[in-house]
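The values are calculated or read from the model by the stated rules, or taken from the named source; none is laboratory data. Predicted model, so just to flag it, every value in this text is computed and none were measured. Cβ placement follows ideal geometry from the backbone for every residue including glycine, while neighbour counts extend to all protein chains displayed.
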Amino acid sequence: MKKSLLLVLLLSIIFHSTFTIAQSAYKNARIVTIQNDTLNGFINDRQELKNPSIIFFKEKINSKEQSYAPAQIKAAIIDSGDYYESAFIHVDRNYAITGDIAHVYSKDENRKDTLFLRLLVKTDLSLYIFVDENEKKHFYIKDETGNCRELIYKKMPVNDSNNRNYLETISRYKEQLKILMKSCSDALSQIDKTEYTESDLLKLFYTYSKCTSNDKTQYISSVKIKRTIFHLVAGVDITNINFVGESGSYLEKSIFSKSIRPAFGIRAVIPLDRNRGKYSLVPELFFHQYDTKSHLHGESFTDYDVHFQMDYLRLNLALEYKYLAPKVQPYFNAGLSFAYLVNSINTVHTTYNDPYLLSFYPRETDEIAIKDPYSIDIGYFGSAGIQIKRFSAEIRYERMQGFCNVALMNAPVETFYFLVAYKLNAFE
C-alpha cells in the first residue's frame, strides 16, 4: 500500500511540474508596436482557450518579462502558434449560457473595448475569434476597409404572446457571410453547411481565399484540426497478487509466483481543445491475463497448491500530458481502469499427508479456491513514456482491487507493464 501511495504522490508531482511548465513556455515570437515597429523576442505561449488580456514578452530569453495590454500593441505573433491582433470592438454578451432559460448572461452590452482577437485567416476578408469569460466563442470578420463586425449566433430568452418563456436561437451569420462572399460561388455553396465552429469557418474562409483573382492571403491559422489518433499497443506485464486479511487461511499464508504474460490492445488519443496535442483524453481497450501459482506446506500435514488464471477485458480511461519536443516527446498519464472477468482458472489442490488419516478419506481433493469471484474489477494506474515519430515506449504501474469476495480478506493486484505502441494514423 505504501508503494502505491508513494507512486501516486510522485505522479502528482510530475503532473504539477509539467502543468506549470506548460503554463510558462516562451516561444520565438514578435510584437508590432503602435508605431508599427516590429520587436523580435519571445512570448509566453499559454495556449489558453480564452483570449489573453495581457501578452508577456521578452526580448531575450533571460531578460526581464514585459507585459502588454491590447491598447499598447497592434499585434503579437508566435512563430509556432497563435497570431493576435488588437481591435476596438463590441462583444455581444447578451445570451443564454446553457439550455436553462433562467441563466442568461448580460454584461455592459453597449460597451466597446480594446481586446486581443486571435487571427484565423488574414486576407481581403479576414476571420478572427474571441472567447469570452464564459468560454463562448465569438467570430469576427474584417474587410479591407478595417471595418470589424461580429458574426451573430446566440440563444436568447423569448416571451411569446401566450406568456410562455423559451430560448430562441438567433443565427444570422450565414446571411452575413452570403452577402460578404457573394463574389465566390464555391464559398456560397458551402455556407449553408457551415456550423458556427472554428474548424467549419476556417474551411469556408480557406475556400473563399482561393477565389480571389490575386492572392491576398497573408495568414491562415496553422493550428490544425485535431483528430483522434489510434495506436496498436503490445508488451508484457509483471503481476503480483497478495491475499491479506484476518482469517488466517491458507490463501493469506501462501506466497504466489509473479505472473509474466503478454498484454495487448488498442488505444485512442483524443486531443483536448486549444492545446495542440499537449493534453489528451486516452481511452484504451486491453486484454490482460495473469497466471499465478503457490505451494504451501500447511499445518496438520496438509499441502495446498493454488492456481489462479484470470483473463480480463479492460477499459482504461486516462488524462495524458505530452511535452511537444521536435523529435522525442515524453508523456505522462494517469487514470482509472475497469476490468471484466471473461474467463478464469480458480482451483486449490489439497494433499493430506497425515499418516493417521483413515483409509476411506481421500488423500487429495480439487476444489474452487474462491467461490463466485468478482466479475468486475476497478483500479487506477499511472504511466510514463516517450514517443519517437510513430513509435512509443511506456512503463506503467497499476493497482486493482482484485477478485476476492471473501469477508475479512482482500487480494489487491499490482501490475507493472512494459509497453510499445505504433501510431496508425499520423497527426497531419
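Quick one: count up the residues across region 126-149 that are charged (D, E, K, R), more than 31 Å from the chain's Cα centre (by Cα) and either buried (at least 17 other Cβ atoms within 10 Å of the Cβ) or under 13 Å from Gln176 (Cβ atoms) (or both). Number of matching residues: 3. Consider region 389-410 and keep the residues that are charged (D, E, K, R) and surrounded by fewer than 17 Cβ atoms within 10 Å (Cβ to Cβ). The one that is modelled with the lowest pLDDT is Lys389. Scanning region 23-63 for residues that are surrounded by fewer than 16 Cβ atoms within 10 Å (Cβ to Cβ), modelled with pLDDT of 90 or more and not in a loop (DSSP other than H, G, I, E, B) turns up Thr33, Thr38, Leu39, Asn40.
Number of residues in region 198-207 that are surrounded by fewer than 18 Cβ atoms within 10 Å (Cβ to Cβ) and either outside the structural domain of Ser126 (by TED's automatic domain parsing) or without any contact (Cβ under 8 Å) to a residue 24 or more places away in the chain (or both): the value is 2. Among the residues in region 373-380, are any without any contact (Cβ under 8 Å) to a residue 60 or more places away in the chain, within 19 Å of Lys258 (Cβ to Cβ) and either small (Gly, Ala, Ser) or surrounded by 11 or more Cβ atoms within 10 Å (Cβ to Cβ) (or both)? Yes: one or more hits. For region 320-335, a tally of residues being closer than 25 Å to Phe286 by Cα, hydrophobic (A, V, I, L, M, F, W, C) and modelled with pLDDT under 95 returns 0. Can we say Lys210 is loosely packed, with under 14 Cβ neighbours inside 10 Å, within 25 Å of Glu85 (Cα to Cα), out of contact with any Ser or Thr (no Cβ under 8 Å at 6 or more places or on another chain) and outside the structural domain of Phe416 (by TED's automatic domain parsing)? Judged against the criteria, Lys210 is a match. Scan region 369-389 and give yes if some residue there is under 30 Å from Val328 (Cβ atoms) and in contact with a Pro (Cβ under 6 Å, 6 or more places away or on another chain), otherwise no. Taking every residue of region 369-389 in turn, at least one turns out to be under 30 Å from Val328 (Cβ atoms) and in contact with a Pro (Cβ under 6 Å, 6 or more places away or on another chain).
Taking the numbered list (1) farther than 22 Å from Asp82 by Cα; (2) in a loop (DSSP other than H, G, I, E, B) in turn, Gln190 passes all entries but (2).
Out of Glu320, Glu299, Glu284, one residue alone is out of contact with any strand residue (DSSP E or B) (no Cβ under 6 Å at 6 or more places or on another chain) and acidic (Asp, Glu). It is Glu299. Can you tell me which residue within region 299-347, out of those that are in a loop (DSSP other than H, G, I, E, B) and among the hydroxyl-bearing types (Ser, Thr, Tyr), is surrounded by the most Cβ atoms within 10 Å (Cβ to Cβ)? Among them, the one singled out is Tyr323.
Here Glu364 meets each of (1) exposed (fewer than 14 other Cβ atoms within 10 Å of the Cβ); (2) in contact with a Lys or Arg (Cβ under 9 Å, 6 or more places away or on another chain); (3) farther than 15 Å from His288 by Cβ with one exception, condition (2). When region 166-176 is limited to residues that are touching a residue at least 24 places away in the same chain (Cβ under 8 Å) and not in a helix (DSSP H, G or I), the one that is surrounded by the most Cβ atoms within 10 Å (Cβ to Cβ) turns out to be Leu167. If you go through region 64-89 and keep only what is assigned to a strand (DSSP E or B) and modelled with pLDDT under 90, you end up with just Ile78.
Determine if region 412-427 includes at least one residue that is over 17 Å from Arg261 (Cβ atoms) and of a type in the set (Ser, Thr, Tyr). Yes. Just one of (1) within 21 Å of Leu117 (Cβ to Cβ); (2) at pLDDT below 90; (3) not in a loop (DSSP other than H, G, I, E, B) fails for Tyr140. It is (2). When the test is whether a residue is exposed (fewer than 12 other Cβ atoms within 10 Å of the Cβ), at pLDDT 85 or above and of a type in the set (A, V, I, L, M, F, W, C), Ile179 passes it. One residue stands out in region 183-239 among those that are modelled with pLDDT of 90 or more and among the charged types (D, E, K, R): the one that is farthest from Ile129 (Cα to Cα), namely Asp237. Checking each residue in region 269-289 for being among the hydrophobic types (A, V, I, L, M, F, W, C) and within 10 Å of the chain's Cα centre (by Cα) picks out Val269, Ile270, Leu272, Leu281, Val282.
Of the residues making up region 315-333, those that are in contact (Cβ under 8 Å) with a residue 24 or more places away in the chain and more than 19 Å from the chain's Cα centre (by Cα) are Lys327, Val328. Of all residues in region 348-361, exactly one satisfies the criterion of being surrounded by fewer than 16 Cβ atoms within 10 Å (Cβ to Cβ), among the polar types (S, T, N, Q) and either closer than 30 Å to Met400 by Cβ or free of Cβ contacts under 8 Å to residues at least 12 places away in the same chain (or both), namely Ser359.
The one condition from (1) touching a Ser or Thr at 6+ places or on another chain (Cβ under 8 Å); (2) more than 25 Å from Leu49 (Cβ to Cβ); (3) modelled with pLDDT of 85 or more that Tyr153 does not meet is (2).
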